[in-house]
Structures are given as structure tokens and as C-alpha cells.
Amino acid sequence: MCGIVGYVGQRPAKELLLEALKHLEYRGYDSAGIALLEGNQLFLAKRAGKVSELAELVSKKSSQATVGLGHTRWATHGPPTDSNAHPHCDCHQKIAVIHNGIIENYLPFKEELQARGHLFRSQTDSEVIAHLIEEHYDGTNLLEAVKRALHPLRGAYAIAVLAADSPDEVVVARQGSPLVLGLGQNENFAASDIPTLLAFTKTVVFLNDGELAVLRRHGVELVDREGRQIYREPQQIEWNAVTAYKQGYKHFMLKEIHEQPLAFANTLQNRYELGTGRIILPELHTLTDKIHQVQMVYLTAMGTAYYAGLVAKYLWREFFKIPIAVELASEFRYSKPYLDEHTLVIAISQSGETADTLGAVREARARGAPVIAIVNVAGATLTRESDATLYTHAGPEISVASTKAFVAQLAALNLLGFFIAQQRGWLSTGQTRPAIESMARGPTLIEQLLQKEHEIARLAQIFYEKEHFLFLGRDLLYPIALEGALKLKEISYIHAEGYAAGELKHGPIALIDAQMPTVVLVTKESVYEKVFSNIEEVKARRGIVITVTDSLNREIEHVSDFIIEIPQSSRWLVPILFVVPLQLFAYHIADLRGTDIDQPRNLAKSVTVE
Ligand code: M6R
């Protein structure tokens, strides 16, 4: 969950690495560091805190270096201190290593290395890598030394290594953590993600697990863990670097909330025929036979992506003639579900790098189950470990709190549900046509909701000092209640709980008093009367009710303290429309509380450790 970057080229490495680290900071931001190689001189700077503090630290350092490494950390082993910040070095400070991941068996190696006289300066697992390389490095072949050092290590890593005796190269390796190479003119890069590279190049090469590479000014060399050369065709990335910048918005989160009409439209684009209702997903054609034989579907994911899976379960159950289950990937993997070639596993992930989701997918495939991934980041590990990928086209999502990726996941899941149902004959194209027509209106309706931002910001003014919130929803608005609570707690640090509205009277109702706001989501589409009764129950206990509804009427006005009105739509759009005001509400509350919205404390954008 750290961000790493390596560079070999002609530009001033210090400035380039600091710029790249700003892009990578969403992955972890408790400390940062750089290593620069100028001739045979290794310069290191690292500091607890954000990249801006590292930039301050090195602001007076003039450097001609055109080779270097950069790291931004999310602490796992050892607190966020200067000494635990990366890069880590060998005993003589001639080799520098940056690492994203966890070395699970580092302790026995550390003890052995210390017994052999190695000097450790940090509490991290990562430092053993530097000392192991030191033991294998003869001053000539850095690649070979890295390969040998990594051989006995277990766990996950993406690493980049510099050595003062090999001044024109950076060696990188990957096992279980993301790493992509960027190819330029007389310069080459490695980084944890594509958006970081886009400021410099759009030509990339993805590294697979077990592979290493040497970056030199005039080219890159890829090898497998046995040292065999690999040729891989570079790919062109279409994302525009500009879309990854804030474009005048105060935070990436706000920009991404406002990009939702586009994210939704782009995800649907060219994937259906409006006239006939036919769903067109050529990326799934290799799985057509398997889809015909499927007897059970599991949706699996973490966090917000998991809530997207929950929404799909409610919607798909209306026409699927086989069971559907949704499980947190972290639970699914270890709960020994029955899986075979007739079980379809659908893994949902914005980043495609979430360790829990990858673990679930590996387990499913090992037991013969076909896997479809729904992923936003092109070329992410999950796409390469699944049988087929349905991309969401949300564009780069930088804010740690997921917004537009969620809406795009809901769009993709609607399409996938219809596609499977059409293939299996559970729905005719005539039956899906009205649903598709309604979805085509989605971008306009989301846009209408975004126009209500001022109204929602005023509501945030009233509530931003509260310390507890309850979110209630039922049926397909239950997952949206969970998502509304998650958004609020992630970025405002307010305690918020999401509940299925029917569960209220089984416990959480004890929390309600005149101080506790309850956000109730209620749609005309289903269980209106039941949820209406829940509002009455809250009011009877002097609770404050904020109702979010697409069925405004006198009854609701009477029992609600505040109302956010949602445009009327079909069931396929209801969850998408209801989530937008909850995102804005969380955003404006967090803004008033002055939190670090794009990089909330203790979190990271992609959780690449279990
Ligand atoms: O990249 P993924 O979609 O796999 O990430 C899953 C969760 O870590 C993610 O949705 C997380 O819950 C977000 N911070 C939610 O805003």
C-alpha cells in the first residue's frame, strides 16, 4: 500500500521523483523518501510526514542526478518515523531499496543477517531486502544479486533498487504488488500505477508476478525469476494525464463526484443496442459456454466495491433462476465455499490490486471456477488473473474515497446481469429494452442531482458538528445506506452506521435520541410503507430525520425534519441516484470539519496487503 517510482534518463531526477510522489501519495502518506545517484554517489533523503515535507527537506539540495527512486509509505511494520521511511540501505549505504508490500518471513532473515554483523537502521520488514542484496552483490551484476536476494522471501513486493556501483540502472521486481514500466525517449520509468506515468509517457509495459526488469536510459530488459529473457509488447494508455488533475475543484473527491454522469455514460457506451435491448459485451465471448452452464454466482469485493455487489444481488435476483451470493473477498477466501466449473465468480475492484480480492480470485480459479473481473484500472493484476474483464470506464480515481468508480461499477453490473440473463434465456431482449432506455437517462438525472449541491452543502452546515449518524435503507437501498455511512466515516471521521431499515427495532433503535441524526433512504419502488413506519419509529423517539426520497408526499414531509428529493427513475437507476447526495453530504461535512479529504487518515487508495 505504498507508492514507488524509479527513474533512469536525462531529466533532473529529484524534481521528477517529487512530482511522481505527489501522484502516488494517495497510496500511503505517512512518510516519504528519495534516493538519487550522481555518478557513484548515493544521496538519500527521507522523512516522516507527507511528500511536501520531503520536498521541503530537499529544497536546498542541488542535484544533477538523472537516476533515482522515490517512495511514499503506508506503515505496516514499524511506526511512521524518519528511520522507517524508505529507501532502506545496506550496511555501507551503497545500495538503496524501496518496497511496496509485506515480506512475511523477514524476521528469521533479519536475525541471521544481524548475527552475521549487518547493521539494521529500521523496524521494517523491507530492510532485509537491502541487506540480502548486499550479500549477493559483487559490484557488477545488480540484477542477479536482486534475483538471488528475493529467492527465499515470501509475501508480496514491488521493489526498485539502486546501487552506487551500477550508476546507470534501476532494477525492479514484482510479486503480488503492482508495478508498471513506462517507456520514454532516452528515459525509462517504473511506478506503482499508470496515472503517475501519464505525466511522462503513455507507453507502458506491465510486469507479471515473478518478473524482474532492469531500467537503463536506452531501454529496459525483462527477465523471469530464472533469469530467462522475456519480450512483452508495450501498450498505449489512452487516459489523458489532465483528467487526473483537479481541474479547479478543491479536492479530487469533489471533481470525481462531478464526473459521475460521464463515468456512467462511458461505462455504458457501445455496450447495448437501444432499439433491440441487446447487450453487447464481446469481452465476455470466451466465457459464453461457461455462462450457459453456471449454477451459482458469487460476487466478491471489498469496501465500496462490495456494496456494488450487494446492489447487484438485489437487482439480479428478480430474474436470475440460480442462486446469487455476495461475500467480502477477505471472508470468501477462507470460508471454503463450494466452488467448481459451474460456479461463476465475479470480482469487483476499482484498482484491480486489492489483495483480499486477488486472494479470493486465485482461490476460485484454483478450484476451477470461471472468474469475471469488473475493474477500472487498465491492465491491473486482477484483469490478468481473471478469465475475462469487464472494464468500468470511470477514468482515474485519485481520491481515496471511491465515488465515480462505484457508479460505474453499478452501471457495469446492470449490463452484466442483463447479459447473463439474455444468454441464459431468463430475459428476452424485449424485456431488457425498457431497463436500458431508463439507464440511458442516467447521466441527465445524475446531473440534475449535482445541481442540488448548494442545498446539500447547507444541510452539511447544520450537521457537521454531530458525532454519530445512522443511515437506514431497505432492499436495494440497504447497500446505499452502508455506502453513505462508509463515505461519512472515511472522510469526516464521524461515527456512522448503515443498517437495513427493518433491523432498526432489533437493536440500533436504542441509540436514537434528540442528538442523533438518522438518514433514511426511501423509494417509491419498494417497501415504501415499511420504511415509512421506520421513520415514524425514529420520530417517536425524538430522533432527527433526514429523508432522501424519490416519492415526496405530505406524509413524508410531515415526519421528516429535512428532505433531499431525488428524481423519479427506474429500479436500475435508484441506487445510483440515491448515492450521489450522500457523497456530497459526506464531502461537505468533511470540508467543514477541515479533514484531509483526498487522503484521510489511516487509509490508502488500494489496499495491497491482506
Ligand atoms: O480498489 P478496490 O475497489 O478493490 O478497493 C476496495 C476498497 O478498498 C475501497 O472501495 C474502499 O472501501 C474505499 N476507500 C471506499 O471509499
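The values are calculated or read from the model by the stated rules, or taken from the named source; none is laboratory data. In this text the structure is predicted, and so the values were computed from the model without any measurement. Please note: Cβ atoms are built from the backbone with ideal geometry, for glycine as well, and neighbour counts cover all protein chains shown. The protein model used for the area step is the full one, side chains on, heavy atoms only, and it has no ligands, DNA or RNA in it. Shrake-Rupley method; radii C 1.70, N 1.55, O 1.52, S 1.80 Å.
List of remarks:
- Loop-located trypsin sites (Lys or Arg not before Pro) in segment 331-428, at most 11 other Cβ atoms within 10 Å (DSSP): none
- For Thr276, the solvent-accessible surface with a 1.4 Å probe is about 60 Å², rounded to the nearest 10.
- The trypsin sites (Lys or Arg not before Pro) of segment 537-592 that DSSP puts in a loop, and whose beta carbon has at most 13 other beta carbons within 10 Å, are Arg542.
- Between Asn141 and His292, the modelled labels are 5.3 nm apart [label points 7 Å from Cα along Cα→Cβ].
- Protection proxy ranking of 528-537, 451-460, 33-42 - average other beta-carbon atoms within 10 Å, highest first: 33-42, 528-537, 451-460
- Stokes-Einstein D for segment 329-423, Kirkwood Rh over Cα pairs, 10 °C, 1.306 mPa s (µm²/s): 117 µm²/s
- Computed from backbone phi with θ = phi - 60° and the Karplus coefficients 6.51, -1.76 and 1.60, the 3J(HN,Hα) list for segment 119-126 is 9, 9, 10, 9, 9, 7, 6, 5 Hz; x is used for glycine and proline.
- Projected onto its three principal axes, the C-alpha set of segment 450-593 covers 36, 34, 25 Å, listed from the longest axis down.
- Distant-in-sequence amide H partners of Asp125 (H built 1.01 Å from N, under 5 Å): His77
- Chain lengthening between Gln247 and Asp224 when straightened (0.36 nm per residue, less Cα-Cα): 4.2 nm
- Under-5 Å amide H pairs with Thr547, H placed in peptide plane, nonlocal only: Val520, Asp561, Phe562, Ile563, Ile564
- When you restrict to C-alpha pairs under 8 Å that are six or more residues apart and normalise by the size of the chain, the relative contact order lands at 12 percent.
- Table column - 3J(HN,Hα) (Hz), segment 200-205, Karplus curve with 6.51, -1.76, 1.60, x for Gly and Pro: 10, 7, 10, 9, 10, 10
- Radius of gyration over Kirkwood radius for segment 143-220, both on Cα atoms: the Rg/Rh ratio is 0.96.
- Listed values for segment 464-477 are Karplus-derived 3J(HN,Hα) couplings in whole Hz (6.51 cos²θ - 1.76 cosθ + 1.60, θ = phi - 60°), namely 5, 8, 5, 10, 9, 9, 10, 10, 10, x, 9, 6, 6, 8, and x replaces Gly and Pro.
- Taking the C-alpha atoms of segment 252-440, convex hull volume expressed per residue in Å³: 101 Å³
- Screening the chain for whole DSSP H helices with an alpha carbon extent of at least 24 angstrom along the helix axis and a mean Kyte-Doolittle hydropathy of at least -1.0 yields 404-424, 574-593.
- Amide hydrogen proximity for Ala347: with H placed 1.01 Å from N in the peptide plane, the residues at 5 or more positions away or on another chain lying under 5 Å are Thr300, Ile372, Ala373, Ile374.
- Ligands, DNA and RNA excluded, the heavy atoms of Lys524 present near 80 Å² of accessible surface to a 1.4 Å solvent probe.
- Stokes-Einstein diffusion coefficient of segment 68-113, Kirkwood radius over Cα pairs, 10 °C, 1.306 mPa s, in µm²/s: 133 µm²/s
- Taken per residue, the accessible surface of the chain reaches 37 Å², heavy atoms only and a 1.4 Å probe.
- The alpha carbons of segment 1-158 occupy a box of 39, 33, 23 Å along the principal axes, longest dimension given first.
- Solvent accessible area, Å² - Phe252, 1.4 Å probe, full protein context: 30 Å²
- Surface share of carbon and sulfur [accessible, 1.4 angstrom probe, percent] for segment 474-533: 52 percent
- Rg and Dmax [Cα atoms of segment 417-498; Å; Rg one decimal, Dmax integer]: 18.0, 52
- Dipole axis of the chain (+1 Lys, Arg; -1 Asp, Glu on Cβ), positive-most option in Leu450, Tyr499, Leu183: Leu450
- Computed on the Cα atoms alone, the convex hull of segment 526-610 gives a volume of 173 cubic angstrom per residue.
- Sequence-separation-based contact order of segment 252-440, relative, with Cα cut under 8 Å and 6+ spacing, percent: 31 percent
- Kirkwood Rh, Cα atoms: Rg over Rh of the chain: 1.00
- Annotation note: chymotrypsin sites (Phe, Trp or Tyr not before Pro) in segment 205-241 located in DSSP loop regions with a Cβ neighbour count of at most 11 within 10 Å are Tyr231.
- Ordering Lys94, Lys250, Lys605 by accessible surface, largest first, gives Lys250, Lys94, Lys605; the 1.4 Å probe counts only protein heavy atoms, with every chain in place.
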